[in-house]
Structure formats: structure tokens, C-alpha cells
Amino acid sequence: MKKIVLTSLSAMLLLSACNSSADSSCIDDLRDAEAAVALGDMEAAKSVASHIIGSGNISRLPAKEIARLSLIYMQIADSTDRESSIAQATDLYRQAYQTDPDSASAFYSDVNPDMYPYVTMLKTLVGHLENPYNPESENFDDSVAARLPEANDSI
């Protein structure tokens, strides 16, 4: 019985070590993508970012790292493949908030000032996608119309 328990424990430790090494590999890849963006090599940044998403490890990343990846895609969108990069960035923005809303909010509110336009665009895009404008839902106050003078009124 002890042997089964010990075997099970060692198997779990081995699996957790593999997961954490995959997570640290993704974080290293994030650093590489950020470095490529800083050097202006958007093709390399996109390749690394696509590898992170395609690896299947993104679901285990913390919200902060997912948010970092969304900003990488926003910067890629400035140079190449605008529509698909923005779409990927908005998906990652949503995923960061679904993973941990407090951590995502803290990350986005504490970004470097040169990232503000990207964060603002993400907030706007996701806000409009999740809460589209519906003119029929507008409740206009009739009191404004009641205060306007009629065309035949004397002033």
C-alpha cells in the first residue's frame, strides 16, 4: 500500500514539475516576444506569441501573463496583420479578466504610460463587443422637448 501511495505521489510531483516548467517556458517566451517588439522585429514577436498560444499552456498562465500577451498582440497590430492581431488581443484581454479579474485590472492600470493607448483600445473594443449600442434602449427624457419653444411661439 505504501508503495502505491509513494508511486502516486512521485507521479504527481513529476507532473507538477512538468507543468511548472511549461509555465516558466511560456513566461520566458513572453520575455522573448517583448524583446522582439522592443527591437522592432514584429515577425519574431508574432511567431513567439503564436507559439505560446498554440502550446496549450496558456490556460495555465496567470492573468498577468495573459494580459502581457494581449499587449504584445496590440503592438504587433501596429505593424502587421492588424485585424487578426487585434482580435487575438481582445480574446486575451477577456481571458485575462476571466482568469483573475483583480489581477488583470491591476496589471492594466499599472502599465507603462506608452501602453495606455493599447489598454484604452482594448477596453473600448471589448466593451463595445460585450455591450453593443442599442438605440432602442435609449430612454429620452420628454422634458427636453417640452422646454423647447414651438416654431409659432413668440420669443
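Say whether the condition of being under 12 Å from the mean Cα position of the chain (by Cα) and among the charged types (D, E, K, R) is met by at least one residue in segment 102-118. Within segment 102-118 (the criterion being under 12 Å from the mean Cα position of the chain (by Cα) and among the charged types (D, E, K, R)), the answer is no, since none of the residues qualifies. A search for C-beta distances below 6 Å between a residue of segment 102-121 that is closer than 13 Å to residue 65 by Cα and any residue that is open to solvent by less than 90 Å² (accessible area, probe 1.4 Å) and small (Gly, Ala, Ser), counting only pairs 6+ apart in sequence or on different chains, returns 103/63; 104/63; 104/67; 104/96; 107/67. Within segment 78-103, being under 18 Å from residue 57 (Cα atoms) and of a type in the set (A, V, I, L, M, F, W, C) holds for 89, 92, 96. Looking only at residues in segment 58-76 that are in a helix (DSSP H, G or I) and open to solvent by 40 Å² or more (accessible area, probe 1.4 Å), the one that is farthest from residue 122 (Cα to Cα) is 60. Residues in segment 78-93 that are farther than 15 Å from residue 118 by Cβ and either among the hydroxyl-bearing types (Ser, Thr, Tyr) or modelled with pLDDT of 95 or more (or both): 80, 84. Go through 88, 98 for me and flag whichever is closer than 20 Å to residue 126 by Cα, of a type in the set (S, T, N, Q) and crowded, with 21+ Cβ neighbours inside 10 Å. Being closer than 20 Å to residue 126 by Cα, of a type in the set (S, T, N, Q) and crowded, with 21+ Cβ neighbours inside 10 Å holds for just one of 88, 98, which is 88.
Residue-wise test of (1) touching a Ser or Thr at 6+ places or on another chain (Cβ under 7 Å); (2) more than 19 Å from residue 78 (Cβ to Cβ); (3) at pLDDT 75 or above; (4) surrounded by 15 or more Cβ atoms within 10 Å (Cβ to Cβ).
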{"site": "6", "(1), (2), (3), (4)": "no, yes, no, no"}
{"site": "15", "(1), (2), (3), (4)": "no, yes, no, no"}
{"site": "25", "(1), (2), (3), (4)": "no, yes, yes, no"}
{"site": "35", "(1), (2), (3), (4)": "no, no, yes, no"}
{"site": "50", "(1), (2), (3), (4)": "no, no, yes, no"}
{"site": "56", "(1), (2), (3), (4)": "no, yes, yes, no"}
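The values are calculated or read from the model by the stated rules, or taken from the named source; none is laboratory data. Note that this is a predicted model, so its numbers are computed, not measured. In this analysis, Cβ positions are derived from the backbone assuming ideal geometry, glycine residues included, and neighbour counts consider all displayed protein chains. Heads up: the accessible areas ignore ligands, DNA and RNA and are worked out on the full protein's heavy atoms, side chains in. Shrake-Rupley method; radii C 1.70, N 1.55, O 1.52, S 1.80 Å.
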